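Heads up: the structure comes next, in C-alpha cells.
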Amino acid sequence: MAEQLGIQSSTLRKYADVLEKEGYTFIKNEREHRKYRESDVMVFRKVINLKNDTDMTLENATKQIVSWHQGVEVLPLERHEIERYEEPDFNATTLQTMLQDQNEVIEKQNELLQELNKRLVEQDQRFAQRESELLSAIQTIQESQTLIATNTSEDVAKNQGRDEMLMQTIREFQEVKKMIAANKDKKWYEFWK
C-alpha cells in the first residue's frame, strides 16, 4: 500500500493515525490491524495531494479530507488557508481530481461486476449441462433396469417351460424304465403276449 502511494510504511502509519484521530474509520481484523480498501487509497492520495499542493499541515489537510469524506464542510483555522480554498483554480483542480478518482473506482467496480456476471452465466451454463448429463444418466439407468426386468421375466418363463419339459422327459424315462423292468420279469414264453 505504501509503495502504491509512493510513501514509506512509517509515513503511511502516521497518516492513518492522524486520519483515525480526525474520525476516519478503517476496517480492522481480529488483531486490530488495518485492512485498506480502494476508497482508503483514494483518501490517502487526497491527503497527500492537498498537503503537498497547498503547504497545509498534515492535521489540517486530514481534517479537510475527512470532513469532505463525511459530507461536512469545516472551515480551515488559519486565514491564509481560507484564502487558498477560495481560489477557483484550486477548487476546480481538487474537485476534478476527486471526480477522476471516483470515476476510476466506479469503472473498476463496473469491470468487476461484469466479470462476476460473466462468471455467474458460465457457472449457470455448467450447472445446466451437468444437470442434463445427470438426467440422461438417470434415464439410461432406468432403461437398463426396465430391460433387465423384462429379460428376467422372460428368463423365468423360459426356465419354467424348460423345467416342465425336463419333468415330462423324466416321467417318460421312468415309465420306459418300468416297462423294461416289467419285461425282464416276464418269462420268455410270455414275451409275445
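Throughout, read-outs are computed from the coordinates displayed, never taken from laboratory work. Values in this document were obtained by computation on a predicted structure and should not be read as measured data. All Cβ positions, glycine included, derive from the backbone under ideal geometry; neighbour counts span all protein chains shown.
The table below lists the values:
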| read-out | value |
| --- | --- |
| Hull-based mean projected area of region 135-184, where the convex hull spans the alpha carbons, in square nanometres | 3.3 nm² |
| Qualifying trypsin sites (Lys or Arg not before Pro) in region 1-67, DSSP loop, other Cβ atoms within 10 Å at most 12 | Arg31, Arg37 |
| Counted charge near Gln139, where neighbours are those whose Cβ lies closer than 13 Å (Asp, Glu -1; Lys, Arg +1) | -3 |
| Per-residue HN-Hα couplings for region 23-39 [Karplus 6.51, -1.76, 1.60; θ = phi - 60°; Hz; x = Gly/Pro] | x, 6, 10, 10, 6, 10, 8, 5, 9, 6, 7, 6, 10, 8, 9, 4, 5 |
| Cut-off 11 Å between beta-carbons: net charge of the residues surrounding Lys28, Lys and Arg +1, Asp and Glu -1 | 0 |
| Region 111-163 - Kirkwood radius from inverse mean 1/r over Cα pairs (Å) | 14.6 Å |
| Among the listed pairs Lys46/Lys118; Lys21/Lys108; Lys14/Lys108; Lys21/Lys51; Lys28/Lys118, those beyond 25 Å (Cα-Cα) | Lys46/Lys118; Lys21/Lys108; Lys14/Lys108; Lys28/Lys118 |
| At most 11 other Cβ within 10 Å, DSSP loop - chymotrypsin sites (Phe, Trp or Tyr not before Pro), region 103-193 | Phe191, Trp192 |
